[in-house]
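Here is the structure we will look at.
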Amino acid sequence: MSHSRKVRFGLLALLSVLTLALLSWAQNVKVQGLIKGRNGDTMILQTSDSPKLVVLLTDSTQVGQVQGMLKARRKQMSMAALIPGLAVQVEGSYNADNQLVATKVSFKGDDLEQAQSIQAGLHETQVQTQKNQEELAQQNAALKAQNEALQQQQAQLTQQQKEAAANKAAIEAAVARFGQLDDYYIMDEVTVLFGNGKVNVDPQYVPQLTALAQKAQSVNGYMIQVKGYASSVGSVALNQKLSEDRANNVSNILLQQGHIPLTRMLAPGAMGESRQVGNDNTAEGQAQNRRVVVRVLVNKGISGTGM
């Protein structure tokens, strides 16, 4: 054999030995670390060389707890024992994705107890955290509902204030209009009472109103004044509307059945809750306040003619 062939043969033999050594090393890796996470057949291991080494568990992976003074005995364990926080030694080989496929996973008994204690504490903390989050969500929902209710109440209050201001202005305008009747005196008067929330005139008052109309038309220079009122039971806006409707309905009877000319009718006054004549804390007083007052006004300058 020539020298060159001997050299070539020697290099091939050396390469084969190195290849076998590398394959043997790849198939027999031992790694120590701390389990940081577990998801089914995948573990995340924190080692001195890698903070996130992926370890794959298979059906053939042997899990055991080493026992004895020299840790020579090994107790077969379930994969369920591989929990986060457990210090383990993993034997296996790397696949093409640089993941360690485990053939054996070993751990010490006291390490398992410590990891289980940590997991128990974490579970309690997670339960309490979830409870706190649920309570916080309930509190936030209640606070949101309170804020919405407060905004709604504020909107209602603003609307009520606007309605109250409009009602006040209407009453002041009516008072001012009626206050300009200094040249007239009251010749006759009829009061019509209404039920709670009612605006229709009770038929018993129709003869009184028509008689008042006939009497008014027997004199010169008369005017008919109609003022509607309400008790203070209920909202201000509702009572203002009730007083207006009552005054209008009485006016319609005077016009249609009493045949009072429109030129002799003063515009009906809606006085709302003003000028209460009865105690609104009693049913009797409330009934007295739900009224329409009709007056025949006669001009002082020509009163006496035709009377």
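Quick notes on this one:
- Residue count for the range 258-276 satisfying the condition of being in contact (Cβ under 8 Å) with a residue 24 or more places away in the chain, part of a loop (DSSP other than H, G, I, E, B) and over 45 Å from the mean Cα position of the chain (by Cα): 6.
- Qualifying residue in the range 262-275 (condition: among the basic types (Lys, Arg), at pLDDT 85 or above and closer than 15 Å to VAL190 by Cα): no
- Subset tally (residues that are within 23 Å of GLN217 (Cβ to Cβ) and in a strand (DSSP E or B)) for the range 181-204: 9
- For GLU163: the one exception among (1) part of a helix (DSSP H, G or I); (2) of a type outside the set (A, V, I, L, M); (3) modelled with pLDDT of 70 or more: (3)
- The residue that is modelled with the lowest pLDDT, counting only those in the range 24-50 that are under 51 Å from the mean Cα position of the chain (by Cα) and under 14 Å from ASN98 (Cα atoms), is SER50.
- Residues located in the range 213-235, provided they are under 30 Å from THR158 (Cα atoms), surrounded by 17 or more Cβ atoms within 10 Å (Cβ to Cβ) and not aromatic (Phe, Trp, Tyr): LYS227, GLY228, ALA230, SER231
- Tally, over the range 253-278, of residues that are loosely packed, with under 13 Cβ neighbours inside 10 Å and farther than 12 Å from ILE224 by Cβ: 2
- Verdict on ARG246 being within 21 Å of ALA213 (Cβ to Cβ) and under 43 Å from the mean Cα position of the chain (by Cα): yes
- Taking the numbered list (1) at pLDDT 80 or above; (2) surrounded by 10 or more Cβ atoms within 10 Å (Cβ to Cβ); (3) not basic (Lys, Arg) in turn, LEU157 passes all entries but (1).
- Figure legend. Inter-residue proximity from the range 74-93: first residues assigned by TED's automatic domain parsing to the domain that holds ASP41, second residues part of a loop (DSSP other than H, G, I, E, B) and modelled with pLDDT under 85, beta-carbon distance below 6 Å, spacing 6+ or different chains. Indicated pairs: SER93/GLN27.
- Residue satisfying all of: in the range 233-254; hydrophobic (A, V, I, L, M, F, W, C) and in contact with a strand residue (DSSP E or B) (Cβ under 7 Å, 6 or more places away or on another chain); farthest from PRO203 (Cα to Cα) among these: ALA247
The values are calculated or read from the model by the stated rules, or taken from the named source; none is laboratory data. Because the structure is predicted, anything quoted here is derived from the model rather than measured. Glycine gets a Cβ as well: all are built from the backbone with ideal geometry, and neighbour counts include every protein chain shown.
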